[in-house]
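The values are calculated or read from the model by the stated rules, or taken from the named source; none is laboratory data. Since the model is a prediction, treat every value here as computed from it, not as a measurement. Here Cβ is always computed from backbone atoms with ideal geometry, including for glycine, and neighbour counts include all displayed protein chains.
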Amino acid sequence: MWRVIVNCSADSWSAQAKAFNEILAKYAAKPLSSKKMQDDQRRIMEFQIDDVSEAESFQDECMTLEGFAAQFESL
């Protein structure tokens, strides 16, 4: 199992939320947590994906969105 951590600024979320949700819908990703930081409104989201190739693909697709960063690690 793999944890994919995605983060973005408030502005990036406002501009790209629909595109992100379209990407997310393509994967069997189980939400683990979602945080909206109080100081600068940035978002940090964590998802569990069972297959390493899907985790890598999800990460890569998330990083095509302007202002989004992603990484994955073993659970």
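Tabulated values for the structure
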quantity: Set LEU32, LEU65: member being closer than 13 Å to VAL4 by Cα and aliphatic (A, V, I, L, M); calculated: LEU32
quantity: Positions within the stretch 32-75 being under 12 Å from the mean Cα position of the chain (by Cα) and of a type in the set (Asp, Glu), in sequence order; calculated: GLU46, GLU56, ASP60, GLU61
quantity: Hits in the stretch 1-16 - residues which are among the hydrophobic types (A, V, I, L, M, F, W, C) and within 21 Å of ALA55 (Cβ to Cβ); calculated: MET1, TRP2, VAL4, ILE5, VAL6, CYS8
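Conditions (1) at pLDDT below 95; (2) more than 17 Å from GLU73 (Cβ to Cβ); (3) surrounded by 15 or more Cβ atoms within 10 Å (Cβ to Cβ), marked per residue:
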position: MET1; (1), (2), (3): no, no, no
position: ALA17; (1), (2), (3): no, yes, no
position: ASN21; (1), (2), (3): no, yes, no
position: TYR27; (1), (2), (3): no, no, yes
position: LEU32; (1), (2), (3): no, no, no
position: MET45; (1), (2), (3): no, no, yes
